[in-house]
Amino acid sequence: MKAVIQRVLEAQLKVDGELISEIGKGYVIFLGVGKGDGKEQADYFIKKIPPLRICEDENGKINKSIKDVGGEILLVSQFTLFANTSHGNRPDFLSAEQPDKANELYQYVVEGIKREGITVKQGVFGADMKISQINDGPFTIILEK
């Protein structure tokens, strides 16, 4: 499982021109599920993301979590995080999990983070989504398990 976490001031997600989700200050998280991933990997992300201290405190130091600042999360399923670009010019996605299992684990992570008291908005699994965001910093990290 992989996640790209971007700290944002705001973000919007649209499908077919229709606004599906929007958040204010918080994170846009692109979550990829790889072949063989299961609840062990998902639980790691559920445990790691809420207390992760990547938000600024009143002194401008990276010292607060999303919970500390009352931020929101826009969590987007992103199979392309498992792109293999080592051969040729067209990536393959053979390392990404099959859609049914990937969606099941994606939903599991959404619900797990919500249980931590954080507002989590979602994309539409498998849809052609258009995401606009204003990055804060920019501050981007990658988590893998």
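Residues to consider are E111, E104; find the one that is part of a helix (DSSP H, G or I), open to solvent by 60 Å² or more (accessible area, probe 1.4 Å) and either under 25 Å from K25 (Cβ atoms) or touching a Pro at 6+ places or on another chain (Cβ under 8 Å) (or both).
One residue alone meets the criteria, E111.
I'd like to know if segment 6-15 contains one or more residues that are open to solvent by less than 70 Å² (accessible area, probe 1.4 Å), free of Cβ contacts under 8 Å to residues at least 12 places away in the same chain, among the basic types (K, R) and not in a helix (DSSP H, G or I). Looking for residues that are open to solvent by less than 70 Å² (accessible area, probe 1.4 Å), free of Cβ contacts under 8 Å to residues at least 12 places away in the same chain, among the basic types (K, R) and not in a helix (DSSP H, G or I), one finds none in segment 6-15, hence no.
If only one of L81, L74, L105 is touching a helix residue (DSSP H, G or I) at 6+ places or on another chain (Cβ under 9 Å) and not small (G, A, S), which one is it? Write out each step before concluding.
On the way: L81 fails: touching a helix residue (DSSP H, G or I) at 6+ places or on another chain (Cβ under 9 Å); L74 fails: touching a helix residue (DSSP H, G or I) at 6+ places or on another chain (Cβ under 9 Å).
From the options L81, L74, L105, the qualifying one is L105.
Hey, among E40, E56, E72, which residue is under 14 Å from the mean Cα position of the chain (by Cα) and open to solvent by 10 Å² or more (accessible area, probe 1.4 Å)? Quick ask: steps written out before the conclusion?
Working: E40 fails: under 14 Å from the mean Cα position of the chain (by Cα); E56 fails: under 14 Å from the mean Cα position of the chain (by Cα).
Exactly one residue qualifies, and that residue is E72.
Looking at segment 114-131 only, could you name the residues that are within 14 Å of the chain's Cα centre (by Cα), open to solvent by 50 Å² or more (accessible area, probe 1.4 Å) and not hydrophobic (A, V, I, L, M, F, W, C)? Across segment 114-131, the qualifying residues are K114, T119, K121.
Exactly one residue out of E116, E72, E104, E144 is of a type in the set (D, E, K, R) and without any contact (Cβ under 8 Å) to a residue 12 or more places away in the chain: that is E104.
The values are calculated or read from the model by the stated rules, or taken from the named source; none is laboratory data. Values in this document were obtained by computation on a predicted structure and should not be read as measured data. Cβ coordinates were reconstructed from backbone atoms using ideal geometry, including for glycine residues, and neighbour counts include every protein chain displayed. In case anyone asks, the SASA skips ligands and DNA or RNA and just uses the protein heavy atoms, side chains included. Shrake-Rupley method; radii C 1.70, N 1.55, O 1.52, S 1.80 Å.
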